[in-house]
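Take a look at the structure set out below.
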Protein chains: 4
Amino acid sequence: MSHALEILATHRRGPQVEANVLAACIDACLDCAQSCTACADASLAEPELEQLVACITLCLSCSDVCTSTSQALTRQTVFVLKLATAVVQACVEACRSCADECERHSHHHEHCRICAEVCRRCEQACNDVLAALT
Amino acid sequence: MSHALEILATHRRGPQVEANVLAACIDACLDCAQSCTACADASLAEPELEQLVACITLCLSCSDVCTSTSQALTRQTVFVLKLATAVVQACVEACRSCADECERHSHHHEHCRICAEVCRRCEQACNDVLAALT
Amino acid sequence: MSHALEILATHRRGPQVEANVLAACIDACLDCAQSCTACADASLAEPELEQLVACITLCLSCSDVCTSTSQALTRQTVFVLKLATAVVQACVEACRSCADECERHSHHHEHCRICAEVCRRCEQACNDVLAALT
Amino acid sequence: MSHALEILATHRRGPQVEANVLAACIDACLDCAQSCTACADASLAEPELEQLVACITLCLSCSDVCTSTSQALTRQTVFVLKLATAVVQACVEACRSCADECERHSHHHEHCRICAEVCRRCEQACNDVLAALT
C-alpha cells in the first residue's frame, strides 16, 4: 500500500522484525488511522448522532494511536523490544475497542461497517507483529 | 490505497471536493508521511550521516504536515474553504522542500530516491486539490 | 509553559526567528491542540450535541494543525522560510475558524468559551511569528 | 500549564480518573512531546552527531507516543480502562527508553539533560495515572 516495504529494504541495518510482517502492520495502521478519522467525521453528519458518541470518541483515539504506532514501528535504526511491544499492545486495544463499538452500528451505517473491518485487520496485523517479536 | 474513497462515498453530505481528487490526495499524504519517517530513519543509519542532516529535518516536518493534512482533508462534515486551501498549500511547501533535498541524494541513497518520488506525487496531488478548490 | 525556550537556547545554530516569539508560538500551539481536543470531547457529552457538530469538526482539525505546527516550528536545524510561513498561515486559519465557531457557543458552554480564548491567543502568536519572519 | 484541568472541570460526565492526576499527565505528555522533538533537532546540529543516533531515534518515537497519549487521555466522554492502561503503559516505556539514552549524554549536551528530566517527569506522571486507574 505505502512504500514501507520498499524503503525498509534499503535500511542499512535491516528491520528487527520480519520485513513483510512489519510493513503489513505499518500499512494497516495507516489505513486504520484514516478510516477512523473518516468514520468519526461521517458519524458527525448522521441524524441519530447521539447514538454514535462512543463510536466517534473511540474512532478518534484509535486514529491517534494508529498514527503513532505506524511511526514508531517505522523507526528501525534503534530498536527497543519493550517499547515496540508496549506500543503495539496499545494499538491492539485501540483497534479492538473501536471495532467492538463500530460493529454495533454496522447494519445501520456503512462507514461503521467498513471501519470495523479495517480495525479488525489492524488488530490482526498488530498481533502478527507481537508474535514475531517474541 | 486506504479506504478513503470508500468511506467518503458513505458520507451523508458528500465531499465538498471531487471525491477521486480528494481521496487521491489523502492517500498520497499517508504514503508521504510514512516514506518521510522511513527515509529520516534510514538516513540516521547511514555512515555519511552529517550530509543528510537537512534531509532528515525536512523529512520529519514533511511527515508531520502530511499527517495533519490527511486528517483535515478527511473531515467533510464542515468545510471551510480558506482553511482547506491554507492546509494544502502548507503541504505543497513541505513536499516540495523535502523532495528538493532528497533528490540531491537520490543517486547515493535509494531511500532518498523513493522518498523524493513519493513527495513529488504528494505535491502533485495537493496541487490537484487546490485546482479543484478554486 | 513547555521547555521550548530553554531547549532552543541550547541549539548550536540558534533559532532563525526571535526565540521568545518562537517559543511563545510553540507553547500556544501545544495549549491550543490540547484545548481543541478537550472541547471536542466535552461537546460530545452535551445533550444539544447536534448544534455542536461544526464546533467538534473544526476543533479536531485545529488540534491536528496546531500539533504539526508546533513540531515544524521546533525544528531549527534547517529553516525553509516558505515552509515555515505556509505552515504558520495554515495554523492561523485553523485557529480563526475554530475560534469563530466556539465563540458562537461561549455563552452556553464554558469549554467553548475557554477554547475560543486559547484559539485566539494561538492565532495571535502565529501572527507574531509571521511578522517576525518578514 | 495547558488549560487541560480547566476544561476537564466543564465536562458533563467528569473525568474517570482524579482530575489533577489526569491533567498533570496530559501536561507532562505535551511538554515531553515538545522537548523530545527539540532535543532530536538540537542533536542533529551537533558535530558529534553519530553518537546521538540512538538519542534522536528514541526522542522521535517518544514525541509521537506522548502526543497520542495526551490526546487519548483528554477524551473522557467514553472511557475504556484497558485502552487507557495500555496507552499509558506504552508512554511509560517511551519516556523511560528516551530518558535512559538522553541521560548518557547529559554531561555533554544541555538539551539532553533537560530532555531527560522532562521524560522522567512524564514517566512519573504516567505511573501516577496507572496507580489511579487500578
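Residue B:30 versus (1) within 7 Å of another protein chain (Cβ to nearest Cβ); (2) in contact with an Asp or Glu (Cβ under 7 Å, 6 or more places away or on another chain); (3) free of Cβ contacts under 8 Å to residues at least 60 places away in the same chain: which is the lone unmet condition?
That leaves (2) as the condition not met.
Of all the residues that make up region B:8-19, how many are more than 8 Å from chain A (Cβ to nearest Cβ), touching a helix residue (DSSP H, G or I) at 6+ places or on another chain (Cβ under 6 Å) and not acidic (Asp, Glu)?
Total meeting the criteria: 3.
Need the failing condition index for residue A:54 against (1) aliphatic (A, V, I, L, M); (2) buried (at least 24 other Cβ atoms within 10 Å of the Cβ); (3) in contact (Cβ under 8 Å) with a residue 40 or more places away in the chain; (4) within 7 Å of another protein chain (Cβ to nearest Cβ), just the number.
Unmet for residue A:54, out of (1) aliphatic (A, V, I, L, M); (2) buried (at least 24 other Cβ atoms within 10 Å of the Cβ); (3) in contact (Cβ under 8 Å) with a residue 40 or more places away in the chain; (4) within 7 Å of another protein chain (Cβ to nearest Cβ): (2).
Looking at (1) without any contact (Cβ under 8 Å) to a residue 12 or more places away in the chain; (2) within 29 Å of residue D:38 (Cα to Cα), which one does residue C:130 not meet, given that it meets all the others?
Exception for residue C:130: condition (1).
Do any residues in region B:66-83 that are more than 7 Å from chain C (Cβ to nearest Cβ) and closer than 14 Å to residue A:38 by Cβ have Cβ atoms under 6 Å from those of residues that are buried (at least 24 other Cβ atoms within 10 Å of the Cβ) and small (Gly, Ala, Ser), where the two are at least six apart or on different chains, and which pairs are they?
Going by the 6 Å Cβ cut-off, the qualifying pairs are B:74/A:38.
Got a sec? Which of D:67, D:85, D:74 is surrounded by 24 or more Cβ atoms within 10 Å (Cβ to Cβ) and closer than 18 Å to residue A:83 by Cα?
After applying the criteria, what remains is D:67.
Any residue that is out of contact with any Phe, Trp or Tyr (no Cβ under 6 Å at 6 or more places or on another chain), of a type in the set (Asp, Glu), at negative phi and buried (at least 23 other Cβ atoms within 10 Å of the Cβ) - is there at least one of those in region A:3-17? Show your work before the answer.
To start, the set of residues in region A:3-17 that are out of contact with any Phe, Trp or Tyr (no Cβ under 6 Å at 6 or more places or on another chain) comprises A:3-15, A:17.
Of the ones still in play, those that are also of a type in the set (Asp, Glu) are A:6.
Still in the list and also at negative phi: A:6.
Retained after the next criterion (residues that are buried (at least 23 other Cβ atoms within 10 Å of the Cβ)): none.
No, region A:3-17 contains no residue that is out of contact with any Phe, Trp or Tyr (no Cβ under 6 Å at 6 or more places or on another chain), of a type in the set (Asp, Glu), at negative phi and buried (at least 23 other Cβ atoms within 10 Å of the Cβ).
When region B:101-123 is examined, which residues are found to be within 17 Å of the chain's Cα centre (by Cα), open to solvent by 10 Å² or more (accessible area, probe 1.4 Å) and without any contact (Cβ under 8 Å) to a residue 40 or more places away in the chain?
B:103, B:113, B:117, B:120, B:123
Among the numbered conditions (1) more than 7 Å from every other protein chain (Cβ to nearest Cβ); (2) open to solvent by 10 Å² or more (accessible area, probe 1.4 Å); (3) touching a residue at least 40 places away in the same chain (Cβ under 8 Å); (4) more than 11 Å from the chain's Cα centre (by Cα), tell me where residue B:46 comes up short.
Result: residue B:46 fails condition (1) only.
Restricting to region B:84-99, what's the tally of residues that are more than 7 Å from chain C (Cβ to nearest Cβ) and touching a Cys at 6+ places or on another chain (Cβ under 8 Å)?
7
Among the residues of region A:49-98, which ones are more than 10 Å from the chain's Cα centre (by Cα), closer than 24 Å to residue C:59 by Cα and of a type in the set (A, V, I, L, M)?
A:49, A:52, A:53, A:54, A:56, A:58, A:60
Are any of the residues in region C:20-27 under 30 Å from residue C:104 (Cβ atoms), crowded, with 19+ Cβ neighbours inside 10 Å, at pLDDT 95 or above and at the interface with another protein chain (Cβ under 7 Å from one of its Cβ atoms)?
Yes.
Checking the condition β-branched (Val, Ile, Thr), in a helix (DSSP H, G or I) and within 21 Å of residue B:81 (Cα to Cα), which residue from C:53, C:21 passes?
Matching residue, one of C:53, C:21: C:53.
Just the residues that are open to solvent by 10 Å² or more (accessible area, probe 1.4 Å) and either hydrophobic (A, V, I, L, M, F, W, C) or closer than 23 Å to residue B:36 by Cβ (or both), please, taken from region D:88-98. Working first, answer last.
The initial filter retains those residues of region D:88-98 that are open to solvent by 10 Å² or more (accessible area, probe 1.4 Å), namely D:89, D:93, D:96-97.
Selection gives D:97 alone.
The values are calculated or read from the model by the stated rules, or taken from the named source; none is laboratory data. Everything numeric here is computed off the predicted structure, so don't read it as measured data. All Cβ positions, even for glycine, are placed from backbone atoms using ideal geometry, and neighbour counts span all protein chains on display. Ligands, DNA and RNA are excluded from the accessible area calculation, which covers all protein heavy atoms including side chains. Shrake-Rupley method; radii C 1.70, N 1.55, O 1.52, S 1.80 Å.
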